[in-house]
Structure formats: structure tokens, C-alpha cells
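Everything below concerns the one structure shown next.
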């Protein structure tokens, strides 16, 4: 046997084997049509999945980065500003001090303050000689103060409490002092009776008592 021929045939078979394997993979037995193997389709599907998964990851990262750049704004309810001037109790108090009409806490309409008539002609202090225009000027000046403390100061400045020195009755009296009232007229304090003082300011005796206790 010729050994050289055997070696040549062996090399030829080795070279033909890969070609036959490739042909078996690519072509059908009758070599009429292309038949892809399962391994190639699986690899293509794996590649598609990896590409889709990579795109999803990149999209998620882009969304997260967008959220970081534009954080979500929560619509919190805005806190209302305090407006004490519009509170009903403050409006009621303001109108009462200014001598205007107001509604009480019980819903009763209280009329505006007004100047009452002068005292009688029988007054021993002759307060009735004060003109109505002077009285009206004092009335307006009192309510234009628009402040309780200033109105109390006005009452303090125009009233005096005097200790009784003379007994007018034989029995002991519960009154230990007497009151003197004045009205500012032309820069002077004119002494007037209690009805004249209260009627000119349009107030009651209780207002004076409270003011003198402060």
C-alpha cells in the first residue's frame, strides 16, 4: 500500500468535513432551500431580548433623571391670612366705640349713640345755657377718639370724686363721696350736672362708674 496516497486522502477528508457540516446547517438534504438551525434563531431572539431590555433600562434611567431635574410639585393648600379687622366681634366692638349702630352677640340691633336733650331749666348750675352746637361738638369729639382707653381718659379728666364733708341727713348715708362733672368749652372746664354730662356724651351712669374704677 502507498502511504503517501493515504495521507493525501486523510487531509482531503479533514478539509471536506467542515464544508459538509456547514452545508448540513445551511441547506436542506436536497440542497433546494435554506433551513436555519434552532441555534441561530435562539441567538437572534436572545439578541433582541437583550436589546429591548437595554432600551427599557435606558428609558427608566432617563425618566429617573427627568424626575430629579423636575421634582414633583405638590399643591399644598395655602394658609389664609388672618384679617382681624373683618372678624364680626372686632367689627361690633369698633362700631360700638365709635357710637355707630351694631349687632350684639345675641343678634339684637343696637342703635347708634345720639346726644340727648339738655337738662331742665330748673338746674341750679344753669347748664341749659350751653348751646346745642357746643354740646354737639363735644359729642363728636368724644366718639371720634374711637378707643376705650382714650374715652375713659376723657371721663377721668372731666369728672371728680370728692369725699363728703357735710352730712345732709341725720341718718348715716351709704354715700361717702360726691361727684362733680365738667364739659370742655372754649378751653375751659365748665361744671355741669350729671344729667347734662351723660346726655351730652350719650352714655349711661354705668360707663362712668366703670371708667372711674380703671
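The values are calculated or read from the model by the stated rules, or taken from the named source; none is laboratory data. Because the structure is a prediction, the values reported are computed rather than measured. Using ideal geometry, Cβ is built from the backbone for each residue, glycine included, and neighbour counts are taken over all protein chains shown.
Please verify whether segment 135-151 includes one or more residues that are at pLDDT 90 or above, in contact with a strand residue (DSSP E or B) (Cβ under 7 Å, 6 or more places away or on another chain), in a helix (DSSP H, G or I) and closer than 17 Å to residue 200 by Cα. Looking for residues that are at pLDDT 90 or above, in contact with a strand residue (DSSP E or B) (Cβ under 7 Å, 6 or more places away or on another chain), in a helix (DSSP H, G or I) and closer than 17 Å to residue 200 by Cα, one finds at least one in segment 135-151, hence yes. Residue 109 fulfils the conditions (1) exposed (fewer than 12 other Cβ atoms within 10 Å of the Cβ); (2) at pLDDT 90 or above; (3) closer than 21 Å to residue 196 by Cα except for a single criterion, (3). Contact annotation: residue pairs with Cβ atoms under 9 Å, 6 or more positions apart or on different chains, pairing a residue in segment 137-161 that is free of Cβ contacts under 8 Å to residues at least 40 places away in the same chain with a partner that is surrounded by fewer than 13 Cβ atoms within 10 Å (Cβ to Cβ) and in a helix (DSSP H, G or I), are 154/141.
At pLDDT below 90 and within 26 Å of the chain's Cα centre (by Cα): which single residue out of 82, 96 fits that description? It is 82.
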